[in-house]
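The values are calculated or read from the model by the stated rules, or taken from the named source; none is laboratory data. All values derive from a computational prediction rather than experimental measurement. Reconstructed Cβ throughout: ideal geometry from the backbone, glycine too, with neighbour counts over all protein chains shown.
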Amino acid sequence: MHPERFNEKEPSIQKAVEQGRQYLESEHQNGHFPSYISASRDFSAPPLISPRETFSTIAIADTALKDHPHSEAARAALQYIENQRQQGQFTFFEDRTVYPPDTDTNALGYSVLLESGRSVQDDANRILDTILAHLLGRGSEMQQTEQWLMETLHTGAYQTGTRYYQSPDSFLHFMGRLTKFPELSDKMKTKLAEQLQQRIKKTEYPLDLAMRTALADSLGIDNDFEKQKLLRLQEQGGSWPADALFRYGGKQGCFGSKALTTAFSIKGLKSAGF
């Protein structure tokens with residue numbers, strides 16, 4: 001893309017990002033972002049308010065708030081997330097009797113708190129003995145996990161989605177987060193870029209567009225076509241349409257919200273990496 005063409009588009013992107021941030025500021029409830037459940041990913045089936053869950057707020061903080069730490073929404077969300085740790089553990093739902101602590105919520109929750117400078121290293125090391133996080137300097141312990149990720153990427157097994165994440169782009173997005181670690185970046189970037197290029201223009205869900213755009217920027221791949229498509233999806237009030245990032249594992253129900261899509265869209269429009 002020619003630099004002068006990119007510069008012409010910057011004001012509209014900056015305006016969209018600012019409007020999206022304003023929407024997030026208005027949407028949280030003391031740091032908690034409500035989520036909704038629909039029978040369909042695109043929320044064409046009437047959604048119901050979800051029982052209060054923590055994962056959506058953690059994902060919103062990870063994508064849009066942790067890099068804007070002085071905003072009211074960021075401060076409130078990070079405090080909410082920290083308050084959800086009980087016995088050092090996160091659970092998906094606030095009601096801890098519904099599901100036991102799970103890997104995804106703990107891994108992403110502690111990642112957000114660690115990257116935001118919260119003093120949680122001791123708890124993180126205790127909880128993540130089975131998760132083995134690079135942020136704690138324990139990357140050498142996760143060789144088998146790395147091998148599984150690379151094999152899944154190589155075979156394309158992720159393309160049918162997973163039990164909890166219906167979109168293949170979710171797998172690529174979360175793998176992309178690992179490329180910020182130098183010891184993993186060289187191993188993953190080439191194969192990740194190949195798979196991403198095969199996914200571009202495959203779907204038009206706003207979360208897919210946002211995740212692919214953010215990953216493309218971090219890998220140095222031109223995906224301006226989808227970035228502009230994502231930009232055009234912004235709604236009048238600054239939000240993006242509700243889309244589902246995850247789903248129940250054993251029964252029907254897709255979790256999402258406009259706030260969740262908006263956070264990922266902000267990252268997709270302004271991304272310079274993970």
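Of all the residues that make up the stretch 39-65, how many are within 19 Å of the chain's Cα centre (by Cα), farther than 18 Å from Ser239 by Cα and hydroxyl-bearing (Ser, Thr, Tyr)?
The number of residues fulfilling the criteria is 2.
Spot the failing condition for Tyr158; the list is (1) assigned to a helix (DSSP H, G or I); (2) surrounded by fewer than 19 Cβ atoms within 10 Å (Cβ to Cβ); (3) of a type in the set (Ser, Thr, Tyr), and only one is missed.
Result: Tyr158 fails condition (2) only.
Tally the residues that are modelled with pLDDT of 75 or more and either charged (D, E, K, R) or more than 11 Å from Ile266 (Cβ to Cβ) (or both), restricting the search to the stretch 4-13.
Adding up the residues that qualify gives 1.
Tell me yes or no: at least one residue of the stretch 226-240 is under 22 Å from Leu108 (Cα atoms) and either touching a Lys or Arg at 6+ places or on another chain (Cβ under 9 Å) or hydrophobic (A, V, I, L, M, F, W, C) (or both).
no
When you go through Gly253, Gly249 one by one, which is the residue that is among the small types (Gly, Ala, Ser), surrounded by 15 or more Cβ atoms within 10 Å (Cβ to Cβ) and in contact (Cβ under 8 Å) with a residue 60 or more places away in the chain?
Gly253
Mind checking which helices (runs of 4 or more DSSP H) fall wholly inside the stretch 193-274 and carry at least 3 residues that are of a type in the set (A, V, I, L, M)?
The helices (runs of 4 or more DSSP H) meeting that bar are 206-219, 258-270.
So is Gly268 surrounded by fewer than 23 Cβ atoms within 10 Å (Cβ to Cβ) and of a type outside the set (D, E, K, R) or not?
No: the conditions fail for Gly268.
Just need a number here: residues in the stretch 173-201 that are closer than 21 Å to Gly256 by Cβ and without any contact (Cβ under 8 Å) to a residue 12 or more places away in the chain.
Final tally of qualifying residues: 1.
Against the conditions (1) touching a residue at least 60 places away in the same chain (Cβ under 8 Å); (2) in contact with a Pro (Cβ under 8 Å, 6 or more places away or on another chain), where does Ala214 fall short? Just the number, please.
(2)
Please work out if Arg177 is of a type in the set (Lys, Arg) and assigned to a helix (DSSP H, G or I).
Criteria met by Arg177.
Which of the residues spanning the stretch 174-221 are surrounded by fewer than 19 Cβ atoms within 10 Å (Cβ to Cβ), of a type in the set (Asp, Glu) and at pLDDT 95 or above?
Of everything in the stretch 174-221, those that are surrounded by fewer than 19 Cβ atoms within 10 Å (Cβ to Cβ), of a type in the set (Asp, Glu) and at pLDDT 95 or above turn out to be Glu194, Glu204.
Looking at the stretch 155-172 only, could you name the residues that are more than 19 Å from Arg212 (Cβ to Cβ) and free of Cβ contacts under 8 Å to residues at least 40 places away in the same chain?
Residue satisfying the conditions is Thr155 alone.
Can you list residue pairs whose Cβ atoms sit under 6 Å apart, with the first residue in the stretch 15-44 being farther than 16 Å from Ala242 by Cβ and the second being among the polar types (S, T, N, Q) and assigned to a helix (DSSP H, G or I)? Count only pairs 6 or more apart in sequence or on different chains.
Gly31/Gln79; His32/Thr57
So in the stretch 125-137, with the set limited to residues that are under 14 Å from Leu178 (Cβ atoms) and in a loop (DSSP other than H, G, I, E, B), which one is modelled with the lowest pLDDT?
Checking each candidate, the answer is Leu132.
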